[in-house]
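Have a look at the structure below before the remarks.
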Amino acid sequence: MNRRDLLAQAASLSLISALPALAKPKAKTMSVPKPVAPVAAKIPLRTEQLGRVRVDDYAWMKDDNWQKVLRDPSLIKPDVKAHLIAENAYTKAMLASTEGLQAQMFEEMKGRIKQDDSSVPAPDGAFEYYSRYETGGQQPIFARRPIAKGGVEQVLLNADAEAKGKGFYKIGDLEHSPDHALCAYSVDEQGSEVYRIYIKDLATASVLADPVESANGDFTFSPDSKYLFWTYRDENGRPSKVYRRPVRGGSKDDVLIYDEPDEGFFVSAGVSSSRQFIQINTGNHETSEVLLIPAATPLAKPVPVEPRSEGVQYDVEHWNDRFLIRTNADGAMDFKIVEAPLATPGRGHWKDWRGHKAGQFVVGTGAFKGWFVRLVRENANNRIIVTEAGSEAEHTIAFDEDAFALSLSGGYEYDTAQLRFVYESPTTPKQWFDYDMASRSRVLRKSQEIPSGHNPADYVTRRLYATAADGAQVPITVLMRKTTLLDGSAPLLLYGYGSYGLPMEPNFSIRNLSLVDRGWIWATAHVRGGSEKGWNWFLDGRAAKKKNTFSDFIDCAEHLTAHGYGTQGKIVAYGGSAGGMLMGAIANMRPELWAGIIAAVPFVDVLNTMSDTSLPLTPPEWPEWGNPIEDKAAYDYIASYSPYDNVSAKPYPAILATGGLSDPRVTYWEPAKWVAKLRPATTSGNPVLLKINMEAGHGGASGRFDFLKEIALDYAFAVWAMDKGWTKG
């Protein structure tokens, strides 16, 4: 209800109260029936594996034709579709009282977005390239203009116009050819991450016939602008092959140049910063390999820099007269930089250039003709180290806030002293800087504008540390208003992820403020399984150590409440994808801690998924979770924590699970099965809700505003769960 509605209601009530008592009609009580939760059919499926037996009552929710459903959701089985529609209707009915709050939060988030925003232009030769939005636009417009004064904008692609009338539309990548004559862009119109690649002639503004089909979305032009190298996505959703096509050719001209034999490896194609090499990168979560094609001979066969060796990861930058290689070889847990000759780049010729330093995780690198840049992370904060060619003198770019995010922003030019980086923190909106590596001076090119207003001084960011049971110090980043009391009275949202070595950076978020401004405390638990404290932080929360991720999250919750940041039982936990698995695990382990749990596209059916080799991510993910098909110990360990397999009679909190029908990463049936099993198991009477986006995949809605509506629903659920909204009215 908005302010105008409240005033109207107040006015009507005052008029009624002014009437004589006899004139007042007798109030009638109308009982509104409570929404009835769908009851999923139980059709037991018995599976025997490695001498173990499991029975899955809800396996029928997985469509036998799921590969085709991902590409065309209309093909889903009628009984599955009917069940998902019923679940969506139930969730909508249960959350009907929050629709006003959802709308209000959506408008707040939308009001923090500069609608006619644009990126900082990136120079390349005679042009500068950028993207921008028009007021009301859901999708970006990609454009360029001549750097010379008075240059007129040329639109490369108006994605907003192309998306009109489509339920889902997402640009995977857009690149211009090095000679500036063409641009290529990949489009996904189902949310299934299966892309079509188009090439556009920028002189005629015409799109060439015969686009690339069944692509993974990534591609690159050869440096001579004559060929397009692109990655094929197979029927199981794996980027498995690299093809070459003449830029003005068609499918008949496609040439297979690399076919990855290991079903657990993913491949991609790119170009070195120097534009001297075409690169094919392949690997899984613990082993990688790089193959090179000299730019001067784009038709040549790709040659490995160093043949793959299990457990060894490396990536390659060409820097003038040598290769600089970031690697974990020789026990470099947090990675090091080695140099190698151009003619003989194999491991036998690797020489330490910047040796390993435990706890200083080398996140990434960037090469320029006169400079080499590396991004390193220590204790969940990043810094940039710049090395000058020739003298190899170094200096560091760093900031002083307790918690902040610092990232490199790639450009097109190699022979430049300008480095672009982005700085932000939970209280500070994004700032784009151009940094002169020679003079060590910086220019602020852009600050993220918040049209509805934002004063960083009204907020506090803190870095806390929870002590885990084994003594590990787990970082926590806290955001709250300065006026929020630390007496346990504030509602607390605790967010976590903790997988694949992906860090939860302490970013600025226009979304989180809609809770923080309502007196909530937003905390992010940097649990093991991420890389916030180095690569060992990741290794200590994967495979046979996965439970550290879950116990770390619980330890963070208990540390926060012990210090006044909320109260046990009045916490909403929030995580997505592998973070959704974390949500399922902590729901089983400590249900009494939480008022509510939001599990976005949650990976909760771990044992079944890791036993199904037809699924896109199963073989590549065995290093992350273990292989329960061949390894009894892995089977037993996964079975001991897999959220779906460990649902039992417990007082679960209110739970909202979300998913996407076209999601190839966490398939829709995972949250659907989990909810079906949770609902009859919970002893608390708290609601268990499911919301499936029938037109999207893993990332949810594709438009920048439509996506905010999904976040607003999540946050409104958090408020509803904290207030036990289903018991009111």
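Taken together, the values in this text are just the output of simple stated rules run on the coordinates, not laboratory data. Computed from a predicted structure; not experimentally measured. Because the Cβ atoms are built from the backbone with ideal geometry, glycine has one as well, and the counts that use them run over all protein chains shown.
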Cross-link partners of Lys166 among lysines (Cα-Cα below 20 Å; sequence separation of 8 or more within a chain):
Lys68, Lys709
Per the charge dipole of the chain (beta-carbon charges, Lys/Arg positive, Asp/Glu negative, Cα centre), the residue among Gly348, Tyr644, Ala367 reaching farthest to the positive end is Tyr644
0 to 90° range, to nearest 10: angle between helix 99-111 axis and the chain longest Cα axis:
30 degrees
In the range 182-237, what GluC sites (Glu not before Pro) fall in a loop by DSSP, with at most 14 other Cβ atoms inside 10 Å?
Glu235
Which is farthest toward the positive dipole end of the chain among Tyr435, Ser251, Leu492, measuring Cα position about the Cα centre, with Cβ charges +1 (Lys, Arg) and -1 (Asp, Glu)?
Leu492
Please list the non-local residues whose amide H lies under 5 Å from the amide H of Arg445, H modeled 1.01 Å from N, same-chain partners needing a gap of 5 or more.
Trp432, Phe433, Asp434
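Quickly estimate the mean residue ellipticity at 222 nm for the chain, helices only: each DSSP H run with n ≥ 4 gives -39500 (n - 2.57), and the total goes over all residues, rounded to 500. Numbers along the way, then the final one.
On the way: 14 runs with 146 residues, N = 729.
Computed mean residue ellipticity for the chain: -6000 deg cm²/dmol.
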Kindly write out, for the range 650-667 in residue order, the coupling ³J(HN,Hα) from the Karplus curve 6.51 cos²θ - 1.76 cosθ + 1.60 (θ = phi - 60°), rounded to whole Hz, with x marking Gly and Pro.
8, x, 5, x, 4, 10, 10, 10, 10, x, x, 4, 9, 6, x, 8, 10, 5
Please work out the Cα center distance from the range 511-569 to the range 259-281, rounded to the nearest Å.
35 Å
For Trp353, what residues show an amide H to amide H distance below 5 Å, using hydrogens built from the backbone and excluding near sequence neighbours?
Ile337, Val338, Glu339
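So if we plug the beta-carbon distance of Ile450 and Ser251 into 1/(1 + (r/R0)^6) with R0 = 35 Å, what FRET efficiency do we get, rounded to 0.05?
On the way: r = 47 Å, r/R0 = 1.34.
Efficiency computed from Cβ-Cβ geometry: 0.15.
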Binning at 10 Å from 0, report for the range 123-304 what percent of all alpha-carbon pair distances ends up in each bin.
9, 35, 36, 17, 3, 0
Out of every Cα-Cα pair in the chain, what percent are more than 47 Å apart?
20 percent
With θ set to phi - 60° and the Karplus curve 6.51 cos²θ - 1.76 cosθ + 1.60, what are the ³J(HN,Hα) couplings of the range 270-280 in order, to the nearest whole Hz, using x for Gly and Pro?
x, 10, 5, 4, 6, 6, 9, 9, 8, 10, 10
Just to verify a number: FRET efficiency for Lys728 and Glu695, C-beta to C-beta distance, R0 = 35 Å, to 0.05?
0.65
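For Ala639 and Ala343, FRET efficiency with R0 = 45 Å and r from the beta-carbon atoms, rounded to 0.05?
Details: r = 51 Å, r/R0 = 1.14.
That gives a FRET efficiency of 0.30.
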Give me the one-decimal nm value for the distance between modelled label points at Lys114 and Ala393, 7 Å along each residue's Cα-to-Cβ direction.
3.6 nm
Distance from the Cα centre of the range 359-432 to that of the range 571-634, in angstrom?
33 Å
Let me know the charge dipole size of the range 123-304 about its Cα centre in debye, to the nearest 20, where only the beta-carbon of Lys, Arg (+1) and Asp, Glu (-1) is charged.
620 debye
Hey, what do the phi angles of the range 671-678 turn into as Karplus ³J(HN,Hα) couplings, whole Hz, using 6.51/-1.76/1.60 and θ = phi - 60°, x for Gly and Pro?
x, 5, 5, 4, 5, 4, 7, 5
On full extension of the chain, what length is gained from Lys34 through Asp64, given 0.36 nm per residue of separation minus the C-alpha to C-alpha distance?
7.3 nm
Beyond 18 Å between alpha-carbons counts as too far, so tell me which of Lys114/Lys482; Lys81/Lys170; Lys42/Lys81; Lys114/Lys446; Lys226/Lys301 fall in that bin.
Lys114/Lys482; Lys81/Lys170
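To the nearest 20 debye, what is the magnitude of the charge dipole of the chain about its Cα centre, counting +1 on the Cβ of each Lys and Arg and -1 on the Cβ of each Asp and Glu?
On the way: 81 positive and 89 negative charges, 461 e Å.
I would put it at about 2220 debye.
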